Amino acid sequence: MEEIDFAGIEKKWQDRWAAEGVFEAKTPGAGSREPGAGKGPYYVLEMFAYPSGEGLHMGHAFNFVIGDVIARFKMMQGFNVLHPVGYDSLGLPAENAAIKVGTHPADYTNTNIPNFMKQQKGLGLSYDWSRMVSTASPDYYKWDQWIFLKMLEKGLAYQKVSAVNWCSKCNTVLANEQAQSGSCDLCGTKVEMKQLKQWFFRITDYADELYSNLDNMNWPEKTKAMQRNWIGKSHGTEIDFLIENQSGVSGFRGFGVSDELGGKGEGENGSRIHADSRGLGIGNVVIVHGCPGDEEKSLNPETRTYDKHWIPWIRKNLKESEIAVEVPMMPVPWKARYDDWKKEFDKKVDVNENSVLIGHSCGCSFLVRWLREAKKKVKKLILVAPWKIAESGGAEKGFYDYEIDKDIGKRVGNIVIFSSDDEEEDGKKSAVIFRDALGCKIVELKEHGHFTQGDMGTEEFPELLDEIIEPRTLADSRGQGKVWKIFTTRPDTIFGVTFMVVSAQHSRLDELVIEEQRGKVEKFLSRINSVSEKDVSNLEKEGVFSGSYAVNPATGERVPVWIGNFVVADYGAGMVMAVPAHDARDFEFAKKYGISIKEVVADEENGTQINTDKHRLDEAFTGVGKLINSGEFDGLDSVEAKEKISDWLIEKGVGRRVVNFKLRDWGISRQRYWGTPIPVVHCSECGVVPVAEKDLPVRLPKEVKFGEGNPLESAEDWLNVKCPKCGGEARRESDTMDTFVNSSWYMMRFCDAHNDKEIFDKAKVKYWCPVDFYVGGAEHACMHLIYSRFYVKFLRDLGLIDFDEPAVRLFHQGMINDEKGEKMSKSKGNVVEPLETMAKYGVDTTRYFLLSMAAPDKGFNWSDKEIAGSQRFVRKVYEFFASNEVKDMGDGFEDSAEVLSRVNLAIRDVGEGIEKMELRAVTIKLKELFNFLGKQDRVSKESREKALKLLVPFCPHVCEELFEVLRGNRKQVIGNRDFVSLASWSKVDESKIGVRRKELGVSLNEGVIERIKKVVSDNTEAVYVYAMPFEVSKIDGSKISEEVGKKVTVFSVSNSEKIDPENVAKRAKPGKPAIYVCK
RNA sequence: GAGGGAAUGCCGGAGCGGUCAAACGGGAUAGACUCAAGAUCUAUUGGCUUUCGCCUACGGGGGUUCGAAUCCUCCUUCCCUCACCA
């Protein structure tokens, strides 16, 4: 038999596709033709590949081929298809190669990319190569930096010191996702904890939208479930617990540890209770004073008293609550203008998202203007007796003549204005101006005038203090101590709280530990700290008593506060109320340490006896039941009680309904070289200063030292720069960005891949995006796919794009393993090389095989044996066309009804199958079709062409070749652009389908007659026929009666009035009614 | 513990209320071709039966229906993801 030169065919068509630019996508617009057949754009994208040194593996090939089938199918359907390709080329392996082998990451990357390209081109993928991007190129990462600056501007990028997962081998910070199971994702080294100042993206700002949008997305349920789980939204109640300990004056000294747990507190002390700064999440309080009032005094820095009237009082009180207060001395407003104040302010004060800003008089005016320009996020803004009437104070005019930015409210958690009923007219007007512009409330106090010295009551200013720290008035349990908030989803069990547990990693742990317990606690902590945070899952619950007690706001009971290893420090408040009777973890803990257990929800099914005996229960009852031991709430259903008790706590001022997320901010800092440099500089004078947009990109320096910490720290020339703000000595940020940054927005860059003026042309992105069909591995469900969703929302809020999600449809391909079902890996030596397979069996065979082995979302075990089947099929198709070529006499030959039916059925099924991503089923349909056609003596040219087109997305090379055969008898091609890849998809002729079904209908009556004749006899009284409901109308009872010579009655099988003593009706089948003969 | 998915003939795997003893592939058996092997082709591949047909079958139990591999319910087993998130 003649050998088919598949390699030659592949090369021929790949070259032609490239030469003709067959797959280059055109964005419509001025000058360019309207592409496609008017069906509009369709964007197919396979996930960004990292060009590793190992080259393409089968998983990649599977991923790409799936995307290619969709892209090619959509092209043939007449869509204007964008099917781009690029490389996520920044990343660790390149740097590891530098350390290991001494290759520069750039060289490593530059050798790998062409290798990838060669393999991808070899697969015959329909990529638009003209749009190729590589993230390691400054042309690309410039825009990563640009986005970073925008994040910074909007307060979404910030720095904080945080404990990070540190891999000592990679010398880098790992995201929690990359440090699962306690060891480094990349090298397997055990992860350590380290405190570092890190850059973060405030993804949590979008937590709610990221969560709730999932409901409307056409993404796999599994992925959405994983994201929901990851974001972890939970509704609950935040409840204040008053903590009493030795440092208070309540007299709880020297109590025993375990014997008196849960005893009633007798302490009662009426002094004011405030939560402290960290409990409230207050970073610092910044007070900007107003004008000192006396010209002479205030002009002299020595004598002027900027810090007076109520300011000392508030300062003292805040300090007592351990809140940092800053009261910068500002230049005299008589002389100075806004800019002078700003300079002074920026120099002296560190404002962050947890700051509370307080202004007085013209200080208010300054702060509002400052917020407008700095675009900072802060926790709270309090304006005391604000002033903004330009006419009234000529010298101060510089402060007042500006527009108030109405968006300040979006960046500031809360804004409050204090005014007084006896304030001057202009002052009252000013308050209203601010209120109307900022949309906040005015708190009007009595007889405070302008809140300056000399007016009554302004030296003590408790309203302000309350506003800053929002004290919880503990209705039933005032006492000395501090308020700690806890988060619970089970407020209905609050009467069953018998202890509290605070995380061993909590930053305020110290405050809870009394002297007597210190030794034990320290011993406990040293044991805990030796265990990596991520190893916690299988740990036995352990704890130690802190010595403090908490007052249950519902009952007034004092319960011990324990320190536990099972409480997560940075979720909720880092402390939990423990209800051992109704929570398995609390139960385990209580049992272990002999803490009392109090039941408050009755398990009605299993009959709880009301019994608070310490160790009666065998396990916690976490189900729904009726409340007991819960005071006025007894008898309520626990679901209902959740609401009722929450309301009650809120009313008492000790609770709030809150929503908590598991999602944490995205730490993007990496102490690594091969990533996007973070475009800021650190100036000793000005602090963190962003690099100007015009100076982007900040390029990676080529000459660095690898192997010892962050390579960028070795590039002194690069590090040392002038401060963009003051021109002084400054140093570049040496952290680079997480590479997930690069892949978070690349789908948009593809729409305008080589734009050097802006990140992309809005119109182009609007035309193509979002991605219509996104294909990639399920392993990205939680990282890439959440980050990318976040980026899209951010870019949308910047006004650059107008859609909410990166991809309309998402598809995860399955995993390909070796024959034994084991993961393929270099170290195991079981890798099947796509290039080898392609060379051995042909590209089309390889493609077809990949798709026919399993449903694309399932994956399979590679088997060389079974690829033979695919090869046989491709060869069969080839030979079918080759041999039919001879038979094509051009004599107007017409196909049989059956052939037409089969062909049209296939057109319909293949199209629908691709649309539904049932690609494996489609490969089977194609096999059936060509097996059938191969058995026919002759098939018309038209039908052959229709059938061939169905195969194009799967086996494009052979199809192009055969199309050429069909069209021009192999000799000439009709026109340059006569590619079957661009041919239009065959249309279904529904009328030709289903001949067999019709034939079935015709024979129905005959069949019944024949069968009755066989069984009927002289003594037959009557015959009953039971047919399928949809067939009853096709059966002609009278005709049959006539033919058979007996009375024949036809029933529907579902007719309840049928006469069927032997219940034979159940044997009826479509096309074959059941028959009962009555004797 | 939470969530997602799956269980079909020798194997992989279709199937989405009736044309289901169950697609397609692999394997196996027989036959054709060949000196022979390979490749290729053809047929068979749950049981009983010459055919019509009947019986037993889609993890297990129960149910809905005239009718269930397909729908509901409980159970068992397996895989995946997250996991002390209060």
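The values are calculated or read from the model by the stated rules, or taken from the named source; none is laboratory data. Just so it is clear, the structure is predicted and the values come from calculations on it, not from any experiment. Counting neighbours? That spans all protein chains shown, and the Cβs are built from the backbone with ideal geometry, glycine included. Side chains are part of the model used for accessible areas, which takes the heavy atoms of the whole protein and leaves out ligands, DNA and RNA. Shrake-Rupley method; radii C 1.70, N 1.55, O 1.52, S 1.80 Å.
Say we look at the range A:1042-1064 and pick out the residues that are charged (D, E, K, R) and near RNA strand B (Cβ under 9 Å from one of its atoms); which of these is least open to solvent (accessible area, probe 1.4 Å)?
My answer is A:Asp1060.
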Would you point out which residue out of A:Ile867, A:Ile816 is open to solvent by less than 20 Å² (accessible area, probe 1.4 Å), modelled with pLDDT under 90, of a type in the set (A, V, I, L, M, F, W, C) and farther than 30 Å from A:Val771 by Cα? A:Ile867
Only one of (1) in contact (Cβ under 8 Å) with a residue 40 or more places away in the chain; (2) within 20 Å of A:Asp804 (Cα to Cα) is not met by A:Lys702, so which one is it? (2)
Name the single residue, out of those in the range A:555-568 being open to solvent by 10 Å² or more (accessible area, probe 1.4 Å) and more than 7 Å from RNA strand B (Cβ to nearest atom), that is nearest to A:Arg508 (Cα to Cα). A:Trp562
Looking at the range A:464-490, which of the residues that are in contact with a strand residue (DSSP E or B) (Cβ under 6 Å, 6 or more places away or on another chain) and of a type in the set (D, E, K, R) is modelled with the highest pLDDT? A:Lys485
If A:Ile759 satisfies all but one of (1) in contact with a strand residue (DSSP E or B) (Cβ under 8 Å, 6 or more places away or on another chain); (2) modelled with pLDDT of 95 or more, what's the number of the condition it fails? (1)
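Would you confirm, using the coordinates I've provided, whether A:Lys694 is open to solvent by 20 Å² or more (accessible area, probe 1.4 Å) and either assigned to a helix (DSSP H, G or I) or among the small types (Gly, Ala, Ser) (or both)? Give the derivation first.
Values: open to solvent by 20 Å² or more (accessible area, probe 1.4 Å): yes; either assigned to a helix (DSSP H, G or I) or among the small types (Gly, Ala, Ser) (or both): yes.
Spelling it out, A:Lys694 is indeed open to solvent by 20 Å² or more (accessible area, probe 1.4 Å) and either assigned to a helix (DSSP H, G or I) or among the small types (Gly, Ala, Ser) (or both).
Of A:Lys1039, A:Lys987, which residue is more than 9 Å from RNA strand B (Cβ to nearest atom), modelled with pLDDT of 80 or more, more than 16 Å from A:Val1077 (Cα to Cα) and outside any helix (DSSP H, G or I)?
Result: A:Lys987 is the single residue among A:Lys1039, A:Lys987 that is more than 9 Å from RNA strand B (Cβ to nearest atom), modelled with pLDDT of 80 or more, more than 16 Å from A:Val1077 (Cα to Cα) and outside any helix (DSSP H, G or I).
Yes or no, residue by residue, for (1) open to solvent by 20 Å² or more (accessible area, probe 1.4 Å); (2) out of contact with any Phe, Trp or Tyr (no Cβ under 7 Å at 6 or more places or on another chain); (3) under 16 Å from A:Ser137 (Cβ atoms); (4) assigned to a helix (DSSP H, G or I):
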{"site": "A:Met747", "(1), (2), (3), (4)": "no, yes, no, yes"}
{"site": "A:Cys751", "(1), (2), (3), (4)": "no, no, no, yes"}
{"site": "A:Lys764", "(1), (2), (3), (4)": "yes, yes, no, yes"}
{"site": "A:Lys793", "(1), (2), (3), (4)": "no, no, no, yes"}
Residues within the range A:190-225 that are of a type in the set (A, V, I, L, M), over 26 Å from A:Gly675 (Cβ atoms) and part of a helix (DSSP H, G or I), tallied: 2
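I'm trying to understand the selection: among the residues of the range A:619-667, which are of a type in the set (Val, Ile, Thr) and either touching a helix residue (DSSP H, G or I) at 6+ places or on another chain (Cβ under 6 Å) or at pLDDT below 85 (or both)? Spell out how you get there, then give the answer.
Restricting attention to the range A:619-667, the residues satisfying the condition of being of a type in the set (Val, Ile, Thr) are A:622, A:624, A:628, A:639, A:645, A:650, A:654, A:658-659.
Correct list: A:Thr622, A:Val624, A:Ile645.
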Go through A:Ala854, A:Ala897 for me and flag whichever is surrounded by fewer than 19 Cβ atoms within 10 Å (Cβ to Cβ), out of contact with any Lys or Arg (no Cβ under 7 Å at 6 or more places or on another chain) and either more than 29 Å from A:Val775 (Cβ to Cβ) or in contact (Cβ under 8 Å) with a residue 24 or more places away in the chain (or both). A:Ala897
What residue, of A:Ala602, A:Ala550, is over 30 Å from A:Thr189 (Cβ atoms), at pLDDT 90 or above and more than 8 Å from RNA strand B (Cβ to nearest atom)? A:Ala550
Subset of the range A:569-582, residues on the phi > 0 side of the Ramachandran plot and open to solvent by less than 10 Å² (accessible area, probe 1.4 Å), comes to A:Gly574
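Among A:Phe849, A:Phe880, A:Phe860, A:Phe811, which is the only one that is in contact with a Leu (Cβ under 7 Å, 6 or more places away or on another chain), open to solvent by less than 70 Å² (accessible area, probe 1.4 Å) and modelled with pLDDT of 80 or more? Reasoning before the result, please.
Details: A:Phe849 fails: in contact with a Leu (Cβ under 7 Å, 6 or more places away or on another chain); A:Phe860 fails: in contact with a Leu (Cβ under 7 Å, 6 or more places away or on another chain); A:Phe811 fails: in contact with a Leu (Cβ under 7 Å, 6 or more places away or on another chain).
None of the others qualify; the one that does is A:Phe880.
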Matching option when the condition is on the phi < 0 side of the Ramachandran plot and over 29 Å from the mean Cα position of the chain (by Cα), among A:Asp128, A:Asp107: A:Asp107
Among the listed residues A:Gly799, A:Gly829, which satisfies the condition of being open to solvent by 50 Å² or more (accessible area, probe 1.4 Å), at positive phi and more than 16 Å from RNA strand B (Cβ to nearest atom)? A:Gly829
Considering residues of the range A:853-884 that are of a type in the set (Asp, Glu) and more than 7 Å from RNA strand B (Cβ to nearest atom) only, the residue nearest to A:Glu822 (Cα to Cα): A:Asp864
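One line per residue, one yes/no per condition, for (1) open to solvent by less than 40 Å² (accessible area, probe 1.4 Å); (2) at pLDDT below 90; (3) away from RNA strand B (no atom under 14 Å from the Cβ):
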position	(1), (2), (3)
A:Lys534	no, yes, no
A:Gly543	yes, no, no
A:Ala584	no, yes, no
A:Lys614	no, yes, yes
A:Leu617	yes, yes, yes
